[in-house]
Each structure stands twice: as C-alpha cells, then as structure tokens.
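The next block holds one structure in the form of structure tokens; read it before the comments.
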Amino acid sequence: MKELVNYFQNKKVSSVLDIGCGSGDFINVLTTVFPEGTKITGIDPFEEALAEARRKFPSVEFLQMGGEQISFPDNCFDVVSISFALHHLGDVSKTLSEMKRVVKPEGWLVINEIVSEVQNEAQENQKMLHHLKSLVDRLKGIPHRETYSTAEVLEIIRSNGISVEHSFTDLKMSKPSFDPELLEQRTNQLNEHLEELKNHSSYETKTSLFADYEDRLETYGFQIAPSIVVIGRKKV
Ligand SMILES: C[S@@+](CC[C@H](N)C(=O)[O-])C[C@H]1O[C@@H](n2cnc3c(N)ncnc32)[C@H](O)[C@@H]1O
C-alpha cells in the first residue's frame, strides 16, 4: 500500500497493534510499511484465524481478543490499526475508544474499511456476495453489517473524536480476476449461503437476485471493492 508506506516513511514507529487481524492480510501490509524490528501484535476473537496467522507470521505476536475490550494498558502503541473489520464489530464506538486509549499520545490510528461505492461490475459481484454473507451472519446472531459508504466511515471516525490527518482510496485487487479456481470458490460460497437461507423469508428474493450470478462472474470476473484508508492522530 504505497500511500501508507509514503505517509509513514519518516515517522518513528516501534510498536503496532492490529485489531481484527484475522489470518493476517493487513499484517502482511504492515510488514511492508514498517521496518524490520517493529514490534507487531495482532488481535482477533477467532482462534482458527489466529492459528493460520501464527503460521504465516512467526515473528508477530497474536492474541485472542476482541476490539471492544483490549487488555493492554493505556498509551502503549505507536500505531493501532483496523482493517476490513469495522463492519464486523458488535460495538464500533467502544472499539474506537479502546483504540484511542491504547495508542500513545501523538500516535496514529489507521482505519482501512471496504466501502459501498463500487467502480465496476466485478466489484459489484464482490459486494453482492458480501452482503448476502452479512445477512446469513446476522440471522445467526453474528454482528456483520453491509458495507458502509465512504461518508459513513468518515462520519463514524469523526463522531468518535478521531481527528483525520490523511485519507485515500485503496484497491486490494487492482483489476478483476477471472481465475477459474477463485470463481468456483465464489460460486460454492454463494450456494452455501443460499442453502443457509433455505428456511428464511428472503430465500426466494435472494435466489432470483443471484439467478445469473455464475454468468456475471464469467462475464465480469471478481474484484474486491475499494476501501477507504483513514489515518487519524491521538492529539494531546
Ligand atoms: C474481513 S476480516 C478482516 C481480516 C483482516 N484484518 C484483513 O484486513 O483482511 C474481519 C475480521 O474481524 C474479526 N472480528 C469480528 N468481530 C470482532 C471484534 N469484536 N473485535 C475484533 N475483531 C473482530 C473477525 O474475526 C475477522 O477476522
């Protein structure tokens, strides 16, 4: 993520905490942004994802923990980040408040969040599937919102008292993929999600919404929607 690398180029950062790290996709980005020797810690409530992250990043410390209650003292990290996880949180304000608490005065908060403004049909394919999965999760009682708009993300950040220093749009996938394996995985996911909705009132609507989804994948491919990256600062 070139813009993040440029932003932190001359900043002194020795410790980073990544909230909702999952299997480590954003940890991978952080290892390119900050120099070797930077102490990186990742937290996530789900042990299965952490086990994979530990295998991939042996020098990073991973702890099972939710963002709403971070068991670190006040003011102890130079940077605290959260990527693609804001819309998964049970309590966004509590998590942002915890992030502000554990970051050092004058430290940075990095919020990377996928947004609803798609640019092409391949990204629309990702958004459709994501929103279906979020519905399935919500029906199971798992917090998972549909994607926020860019304006909503900025409003959440500002209304939680974080002053925005810099923001930019990022593309995790630079162009649509037509990789047959990836497209098959997406079709399988779609079928799993629809299967889980079988006894729900929205089943018919969703089935017809996704009737031509396999054709859409073949025609347009699949691409992760854009995200907004916001860098905030803890002012003293
Ligand atoms: C889409 S994944 C993002 C993973 C990674 N950060 C990335 O950028 O790809 C969302 C992650 O948020 C985590 N999550 C869900 N609820 C959470 C919570 N209350 N606090 C922190 N993380 C949470 C999930 O376990 C999942 O790993």
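Can you tell me which of Leu154, Leu209, Leu217 moves the most in a GNM of the chain? Springs connect C-alpha atoms under 10 Å apart. Evaluated over the chain, the most mobile residue of the options is Leu209. Each part gets one Cα centre, and for the stretch 148-211 versus the stretch 29-51 those centres are 23 Å apart. Of the residues Leu109, His131, Asn199, the one whose Cα sits farthest towards the positive end of the charge dipole of the stretch 2-233 is Leu109 (charges of +1 on Lys and Arg Cβ, -1 on Asp and Glu Cβ, taken about the Cα centre).
Computed from the C-beta positions of Glu121 and Glu184, the FRET efficiency with R₀ = 22 Å rounds to 0.70.
Please work out how much length the chain gains when fully extended from Thr205 to Lys104, using 0.36 nm per residue of separation minus the C-alpha to C-alpha distance, in nm with one decimal. Stretched out fully, the Thr205 to Lys104 stretch lengthens by 31.5 nm. For the stretch 2-233, the relative contact order comes to 21 percent (Cα pairs under 8 Å, sequence separation of at least 6). Counted by Cβ distance under 14 Å from Phe178, the other residues give a net charge of -4, where Lys and Arg count +1 and Asp and Glu count -1. Highest mobility in the GNM of the chain, judged by mean-square fluctuation with C-alpha springs under 10 Å and restricted to Tyr213, Tyr203, Tyr148, is found for Tyr203. Within the chain, the ratio Rg/Rh, alpha carbon atoms throughout and Rh by Kirkwood, equals 0.98. Charged side chains reduced to their Cβ positions (Lys and Arg at +1, Asp and Glu at -1) give the stretch 2-233 a dipole of some 800 debye around its Cα centre. For Asp18, the residues whose modelled amide H falls within less than 5 Å of its own, excluding neighbours fewer than 5 places apart on the same chain, are Thr41, Gly42, Ile43, Ser81.
When the stretch 1-115 is described by a simple charge dipole with +1 on each Lys and Arg Cβ and -1 on each Asp and Glu Cβ, the residue from Asn28, Leu50, Met65 located farthest towards its positive end is Asn28.
Between Thr169 and Gln69, the contour length at 0.36 nm per residue exceeds the Cα-Cα span by 33.1 nm.
Any read-out appearing in this document is the output of simple, stated calculations on the displayed coordinates, not a laboratory observation. Bear in mind that the values here come from a model prediction, so they are computed numbers and not experimental data. Reconstructed Cβ throughout: ideal geometry from the backbone, glycine too, with neighbour counts over all protein chains shown.
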